[in-house]
Amino acid sequence: MNRYSLDDVPDRRIVDRLRALIAHERSTDAEVLAHIGEVDARKLYLPAACSTMHGYCVQVLHLSEDAAWKRIAAARAARRFPAMFDAVAEGRLHLSGVVMLAPHLTDANVAMLIDQATHRSKAEIAVLIARHAPGRDVPARVERMHDQLGLAAGASPPGQTSGPSGPGQTSGASAPGRTAGDAGAKRAGVRPLAPERFALQLTVDQTTHDKLVRAQAMLRHQVPSGDLAKVLDRALDALLDTLERSKRAKTDVPRAPVARRSTGKGRHVPNHVVRAVFERDGERCTFIGDGGRRCEERGFLELDHVEPVARGGEATVEGIRVLCRSHNQHEAERLLGAELVGARRDAARAATAARALEQDVLAGLRRLGVTLPDARRAIAGSAGRPAASDEERMRQALLALGDVYGTRCAEGARPTLASRCRESTPRWTIEPDRRAGPEVRATAGRRSRACCSSTSSSAASCAGRAASGSSRPDP
């Protein structure tokens with residue numbers, strides 16, 4: 001007997017059984033959320049050769065992309081507010097409602113919002129959220145919606161169904177029966193149309209539009225029709241060639257491997273090793289999970305030492321492999337310990353932030369007219385001084401620069417310029433440059449500008465006096 005054939009089942013029994021199944025499904029959903037949340041928190045998807053929890057749900061659990069996203073979001077919210085588990089199990093909240101409420105929940109309002117959202121539809125929960133966290137009114141405006149059918153003449157006007165693409169039009173921008181306006185309203189993405197045929201839809205700004213039209217015009221000899229699909233294909237070929245040279249060490253004439261003297265760290269990977277490793281592993285993570293499944297991640301790829309550098313690993317073809325960022329970190333924590341890896345990661349981030357700040361200070365000193373070697377000496381001289389902000393770090397560098405040039409003048413270097421500096425008392429202000437970090441700008445009288453613009457050493461000496469708060473010239 002087919003268990004899914006219900007032709008002979010009485011009406012009342014069908015209704016009762018349906019209600020029982022729905023109640024069981026809700027209870028199961030709550031347990032599923034709890035397990036998804038725990039797997040996500042423990043990162044148990046990494047041993048299964050998945051770089052993200054979403055990838056694990058899609059590739060291993062075989063959920064759809066939307067179902068995976070919704071359950072992961074709901075599981076993370078329920079872990080923060082466990083009352084949601086009971087609300088889902090009892091049927092008071094559906095998964096969509098959990099996802100909608102999650103950004104607005106706090107320890108103080110979680111019970112109230114769950115109570116008010118009980119047995120509410122998505123539309124009703126949206127109204128509830130609008131009352132709880134009202135947004136701003138949208139500005140009144142009328143704007144033209146440009147369709148994505150083409151960039152040149154011949155595109156269908158808004159409101160008309162699109163036909164076959166012609167010169168200057170993107171193939172498959174709209175599905176049959178959809179209007180151009182509908183196509184432009186959908187978000188960017190790629191969707192399959194037929195075997196080996198895909199529709200690409202996106203929105204670009206004016207600059208990108210102008211570049212595409214210019215490329216289309218310059219390729220008319222090779223692509224007389226101006227087909228945007230062919231223009232885009234050639235553009236991607238050029239882009240991939242550039243990326244392969246910078247990220248995959250691609251070259252037209254490979255050089256013979258040169259023996260390098262060991263630096264003691266072993267982190268440098270020679271170009272011939274990079275090429276050989278990617279040719280062997282392909283552009284895909286090589287991590288193999290417990291069940292023999294290989295990770296499918298193709299983004300955020302990194303070169304990893306099979307034997308850690310701290311244990312003497314070498315940058316050879318046999319000693320290097322391709323891993324995604326998640327599994328590279330997972331392997332490092334497994335071999336070296338999570339605490340050690342975490343400490344090194346924090347130290348690396350702090351060093352990166354310090355280097356970025358030094359570059360900002362260096363740019364400010366260079367704009368002042370300080371030579372590159374002297375600017376570097378000033379930054380090195382102020383490295384040990386406390387600085388709570390970018391402006392304070394710049395001030396300390398100016399003080400160190402004043403000391404550098406003060407010592408130079410004391411030793412007898414450029415006495416004429418030093419005497420000229422003593423004739424003026426410029427006024428200096430430090431103003432942050434949001435585009436390039438701290439920047440120093442001098443405002444002074446004509447004699448001061450003439451003095452300080454004569455050499456970078458004179459300007460820096462004056463800047464050092466200003467940074468220390470002194471209006472008296474250096475002796």
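For region 21-52, a residue qualifies if it is among the aliphatic types (A, V, I, L, M), in contact with a Lys or Arg (Cβ under 8 Å, 6 or more places away or on another chain) and either in a loop (DSSP other than H, G, I, E, B) or farther than 15 Å from ASP86 by Cα (or both), and the qualifying residues are ILE36, ALA41, ALA48, ALA49. All told, LEU219 falls short of being under 29 Å from the mean Cα position of the chain (by Cα) and aliphatic (A, V, I, L, M).
Would you pick out the residues in region 293-328 that are among the small types (Gly, Ala, Ser), assigned to a helix (DSSP H, G or I) and crowded, with 17+ Cβ neighbours inside 10 Å? Please lay out each step first, then the result.
Just the residues of region 293-328 that are among the small types (Gly, Ala, Ser), to begin with: 299, 310, 312-313, 315, 319, 326.
Retained after the next criterion (residues that are assigned to a helix (DSSP H, G or I)): 310, 326.
Selection gives SER326 alone.
Yes or no: LEU18 hydrophobic (A, V, I, L, M, F, W, C), in a helix (DSSP H, G or I) and more than 33 Å from the chain's Cα centre (by Cα)? Walk me through how you get there before you give the answer.
Details: hydrophobic (A, V, I, L, M, F, W, C): yes; in a helix (DSSP H, G or I): yes; more than 33 Å from the chain's Cα centre (by Cα): yes.
Considered against the rule, which asks whether it is hydrophobic (A, V, I, L, M, F, W, C), in a helix (DSSP H, G or I) and more than 33 Å from the chain's Cα centre (by Cα), LEU18 comes out as yes.
Screening VAL58 against (1) in contact (Cβ under 8 Å) with a residue 12 or more places away in the chain; (2) under 24 Å from GLN329 (Cβ atoms) leaves a single unmet condition, (1).
Of all residues assigned to region 340-350, at least one qualifies as being surrounded by 14 or more Cβ atoms within 10 Å (Cβ to Cβ) and not assigned by TED's automatic domain parsing to the domain that holds LEU46.
Of the residues ALA89, ALA67, ALA108, which single one is surrounded by fewer than 19 Cβ atoms within 10 Å (Cβ to Cβ), touching a Ser or Thr at 6+ places or on another chain (Cβ under 8 Å) and either at pLDDT 95 or above or hydrophobic (A, V, I, L, M, F, W, C) (or both)?
Numbers: ALA67 fails: touching a Ser or Thr at 6+ places or on another chain (Cβ under 8 Å); ALA108 fails: touching a Ser or Thr at 6+ places or on another chain (Cβ under 8 Å).
Just one listed residue meets the conditions, ALA89.
The one condition from (1) assigned to a helix (DSSP H, G or I); (2) surrounded by fewer than 16 Cβ atoms within 10 Å (Cβ to Cβ); (3) outside the structural domain of ARG275 (by TED's automatic domain parsing) that VAL361 does not meet is (2). For the criterion of being closer than 27 Å to ASN328 by Cβ, in contact with a helix residue (DSSP H, G or I) (Cβ under 6 Å, 6 or more places away or on another chain) and among the acidic types (Asp, Glu), ASP29 fails. Against the numbered list (1) closer than 30 Å to ARG275 by Cα; (2) modelled with pLDDT of 90 or more; (3) surrounded by 12 or more Cβ atoms within 10 Å (Cβ to Cβ), LEU239 comes up short only at (3). Looking only at region 108-128, count every residue that is touching a residue at least 24 places away in the same chain (Cβ under 8 Å) and assigned to a loop (DSSP other than H, G, I, E, B) and tell me the total. Residues meeting the conditions: 3. Kindly indicate whether LEU401 is among the hydrophobic types (A, V, I, L, M, F, W, C) and either closer than 30 Å to ASP304 by Cα or modelled with pLDDT of 85 or more (or both). The answer is no for LEU401.
Residues that are surrounded by fewer than 17 Cβ atoms within 10 Å (Cβ to Cβ) and closer than 20 Å to VAL98 by Cβ within region 35-60 comprise HIS35, GLU38, ALA41, listed in sequence order. For region 364-401, name all the residues that are part of a helix (DSSP H, G or I), among the aliphatic types (A, V, I, L, M) and touching a Leu at 6+ places or on another chain (Cβ under 9 Å). Within region 364-401, LEU365, LEU368, LEU372, ALA375, ALA378, ILE379, MET394, ALA397, LEU398, LEU401 qualify. Of all the listed residues (GLN329, GLN359), the sole one being closer than 27 Å to ASP374 by Cα, modelled with pLDDT of 85 or more and not aromatic (Phe, Trp, Tyr) is GLN359.
Taking ASP290, is it more than 25 Å from the chain's Cα centre (by Cα) and exposed (fewer than 12 other Cβ atoms within 10 Å of the Cβ)? So that I can check it myself, show each step before the final result.
Numbers: more than 25 Å from the chain's Cα centre (by Cα): yes; exposed (fewer than 12 other Cβ atoms within 10 Å of the Cβ): yes.
Answer is yes for this residue.
Before we move on, is GLY97 part of a helix (DSSP H, G or I) and under 24 Å from the mean Cα position of the chain (by Cα)? So that I can check it myself, show each step before the final result.
Values: part of a helix (DSSP H, G or I): yes; under 24 Å from the mean Cα position of the chain (by Cα): no.
Here the answer is no, as GLY97 does not meet what is asked.
The values are calculated or read from the model by the stated rules, or taken from the named source; none is laboratory data. None of the values given here were measured: they were computed from a predicted structure. All Cβ positions, even for glycine, are placed from backbone atoms using ideal geometry, and neighbour counts span all protein chains on display.
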